[in-house]
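Let me begin by presenting the structure, written as structure tokens, before commenting on it.
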Amino acid sequence: MKLATIISIVSVLTILPTMVLAGDKPPKDSKPLSEIVKSLEEQGFKQISEIEFDDDKWEVDVYKDNQKLELEVDPSSGKILSNKVDD
């Protein structure tokens, strides 16, 4: 029984920091995510597979011309800060 308790505690301590770090959220002056998605679609990024807010920017996985890309988007302006091929 003690081993199960130790495993449970270790599991919680391992998962807890990840849950805390996942608490990033856009600043209050940021554009709505729907506007950012619409802007990206208007720029030809039609297939969006993942969106995550991390390190003060939107990280967006998209496909354009059959190539998977990772975009970094400013939450306040909606401008693409980085556009690189995602392997």
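The values are calculated or read from the model by the stated rules, or taken from the named source; none is laboratory data. Source: prediction; values computed, not measured. A quick note on method: Cβ atoms are made from the backbone with ideal geometry, for glycine too, and the neighbour counts reach across all protein chains shown.
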Counting only residues that are exposed (fewer than 14 other Cβ atoms within 10 Å of the Cβ) and charged (D, E, K, R), region 30-85 contains a total of 14
| said: Within region 32-55, does at least one residue satisfy the condition of being at pLDDT 95 or above and assigned to a loop (DSSP other than H, G, I, E, B)? | reply: yes
